[in-house]
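Asker: Quick one: the structure is below, questions incoming.
The values are calculated or read from the model by the stated rules, or taken from the named source; none is laboratory data. Just so we're clear, the structure is a prediction, and the values are computed from it rather than from any experiment. FYI the Cβ positions are ideal-geometry reconstructions off the backbone, even for glycines, and counts take in every protein chain you see.
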Amino acid sequence: MHETRTVGAPQASEDAMSLLQTLLRPDHDEHPERAVAARAANLIQVGEFQLIQLAYFEWFGEDMPDAVGDRLFHVYMLQNQVPHWARHYARRILALDAAGTLDDQDPAYHRFDPAYLTPVTNGVRRFAIATTAVVICIFGSLWVAYGLTGKGTSILPPYFSEEELRTQR
């Protein structure tokens, strides 16, 4: 007798139950280590992987190499494993928050953040001038095209004159 098994069915069932539990109880987390890291990341307003980068820098004294980052991302996101040094860093942030001494704006937490705003001198004035120039070019070219076609029925293409429309009837 030949037995038939569906490969991946138990995993799909577990994933569906996990999704259902998450929808019913969003605060529930099956992986408490990841929950600690996520809470700490939210407190300092960074992403979870950026929290791991910060923890790596503090623990090892250097930026995380790309090869290590790729491996850690896979282990963290897919296997739900948090390195011990990242757990330590996250727990320290939670302890600072519990003591009321956490400064989420501390530049040490945001060393990997890109600069979102770059000040532009006279930015509003430059934008107004550029917008005015574009509007003048567009409407100016339409007006010139209308003038070159003679007496048209419309300012926008196609340019049919009243005579052409009469001959079509």
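Asker: Picking from Asp104, Asp97, which residue would you name as being within 30 Å of Gln50 (Cβ to Cβ) and at pLDDT below 85? Break it down stepwise before answering.
Answerer: Numbers: Asp97 fails: at pLDDT below 85.
Sole residue among the options that is within 30 Å of Gln50 (Cβ to Cβ) and at pLDDT below 85: Asp104.
Asker: Name the single residue, out of those in the range 44-83 being among the aromatic types (Phe, Trp, Tyr) and at pLDDT 85 or above, that is surrounded by the most Cβ atoms within 10 Å (Cβ to Cβ). Give the steps one after another, and end with the answer.
Answerer: At the first step, the residues of the range 44-83 found to be among the aromatic types (Phe, Trp, Tyr) are 49, 56-57, 59-60, 73, 76.
Checking which are at pLDDT 85 or above leaves us with 49, 56-57, 59-60.
Working: Phe49: 18, Tyr56: 21, Phe57: 16, Trp59: 14, Phe60: 12.
If we take residues in the range 44-83 being among the aromatic types (Phe, Trp, Tyr) and at pLDDT 85 or above, then Tyr56 is surrounded by the most Cβ atoms within 10 Å (Cβ to Cβ).
Asker: Taking the stated definitions as given, is Arg71 part of a helix (DSSP H, G or I), farther than 19 Å from Val36 by Cα, under 27 Å from the mean Cα position of the chain (by Cα) and assigned by TED's automatic domain parsing to the domain that holds Ala37? Don't jump to the end; show me each part of the working.
Answerer: On the way: part of a helix (DSSP H, G or I): yes; farther than 19 Å from Val36 by Cα: yes; under 27 Å from the mean Cα position of the chain (by Cα): yes; assigned by TED's automatic domain parsing to the domain that holds Ala37: yes.
So Arg71 passes the test.
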